[in-house]
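J.: Take this structure, written in structure tokens, and hold onto it; I'll ask about it next.
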């Protein structure tokens, strides 16, 4: 089964947080985490032995503020960041983001440390 709707993914992440996965975030129940453009996808468990493919548009919840990535509703980071990727084996998203002073420093956000859901 393939889901691409934000509410489904969010409820999945909330389900996993409620089941005791808070310390490790969604990565404790999801694997094959990948970023393609602004779409973050993962294969996640539902807590009942079944798995599903989940995805979210990270532009909807991540912003670039002065060269730093942060969680924010309708963030739109992709307008000022490029070369984004997930560090292999982690939930760290790294991008080169414009800082408003002419520079594009590397910026990192740990997607598993953002409260009980992705953002």
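The values are calculated or read from the model by the stated rules, or taken from the named source; none is laboratory data. If you're wondering where the values come from, they're calculated on a predicted model, not measured in any experiment. Note that each Cβ is placed from the backbone with ideal geometry, even for glycine, and that neighbours are counted across all protein chains shown.
J.: Could you list all residues from the stretch 35-57 that are part of a loop (DSSP other than H, G, I, E, B) and buried (at least 16 other Cβ atoms within 10 Å of the Cβ)? Break it down into steps so the answer makes sense when it comes.
T.: Initial filter on the stretch 35-57 (part of a loop (DSSP other than H, G, I, E, B)): 37-38, 46-50.
If the condition is that a residue be part of a loop (DSSP other than H, G, I, E, B) and buried (at least 16 other Cβ atoms within 10 Å of the Cβ), then 38 is the only one that fits.
J.: Shifting gears a bit: How many of the residues making up the stretch 59-73 are surrounded by fewer than 21 Cβ atoms within 10 Å (Cβ to Cβ) and either under 10 Å from residue 38 (Cβ atoms) or at pLDDT 95 or above (or both)? If you could, list the steps in order and put the result at the bottom.
T.: At the first step, the residues of the stretch 59-73 found to be surrounded by fewer than 21 Cβ atoms within 10 Å (Cβ to Cβ) are 59-60, 65-68, 70-73.
Right, trim to either under 10 Å from residue 38 (Cβ atoms) or at pLDDT 95 or above (or both) and you get 59-60, 65-68.
The total comes to 6.
J.: Out of (1) surrounded by fewer than 18 Cβ atoms within 10 Å (Cβ to Cβ); (2) at pLDDT below 95; (3) at negative phi, what's the single condition that is false for residue 78?
T.: (2)
J.: Related question: When the residues of the stretch 87-98 are narrowed to those that are surrounded by fewer than 19 Cβ atoms within 10 Å (Cβ to Cβ) and modelled with pLDDT under 95, which ends up nearest to residue 27 (Cα to Cα)? Walk me through it before giving the result.
T.: Residues of the stretch 87-98 that are surrounded by fewer than 19 Cβ atoms within 10 Å (Cβ to Cβ), as a first pass: 87-90, 92, 94, 96, 98.
Imposing the further condition that a residue be modelled with pLDDT under 95 reduces the set to 87-90, 92.
Working: 87: 13, 88: 12, 89: 10, 90: 8, 92: 11 Å.
That would be 90.
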